[in-house]
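Since the structure comes first, as structure tokens, the remarks are kept for the end.
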Amino acid sequence: MKKKYRYSALLGLIGLLALNANASPHLEIEEDHDDVMKAVEQGLIQPFSELQEKVAREINGRIIKVELDEDDDIWVYELKLIDANNNIIKVKYEAKTLSIIEIKGRKLENIIKVSK
């Protein structure tokens, strides 16, 4: 069964899936997020804070929207980013390994940071 979870990008920037009991950001969630928290605890999903760090290291863009989809126990983060030239980029990450599954958008040649 496919499930979709949507989060406000601004809220995501302050630590969306933090397991810290003291962290209680206001989240806009379409469904009960217990499944998401359980999946994080079971290692099926990397916490969003880990994905944020990876995006900051590897992609030239700012996250503006986050969706987390689950279909047959496979979790996927779907991000919408905006680059310095206001191009919208969509990137899908496998939530367990944080590996890029798909990247779409215009002028992608400058979106991936080159490691030095």
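Considering the stretch 28-39, the residues that are in contact with a Leu (Cβ under 8 Å, 6 or more places away or on another chain) and in a loop (DSSP other than H, G, I, E, B) include one that is farthest from E94 (Cα to Cα), namely E28. Those strands (runs of 3 or more DSSP E) of the stretch 40-116 in which 2 or more residues are open to solvent by 40 Å² or more (accessible area, probe 1.4 Å) and in contact (Cβ under 8 Å) with a residue 40 or more places away in the chain occupy 62-71.
The values are calculated or read from the model by the stated rules, or taken from the named source; none is laboratory data. Every value quoted in this text rests on a predicted model; they were computed, and no experiment measured them. Cβ: placed from backbone, ideal geometry, glycine included. Neighbour counts: every protein chain shown. Ligands, DNA and RNA are excluded from the accessible area calculation, which covers all protein heavy atoms including side chains. Shrake-Rupley method; radii C 1.70, N 1.55, O 1.52, S 1.80 Å.
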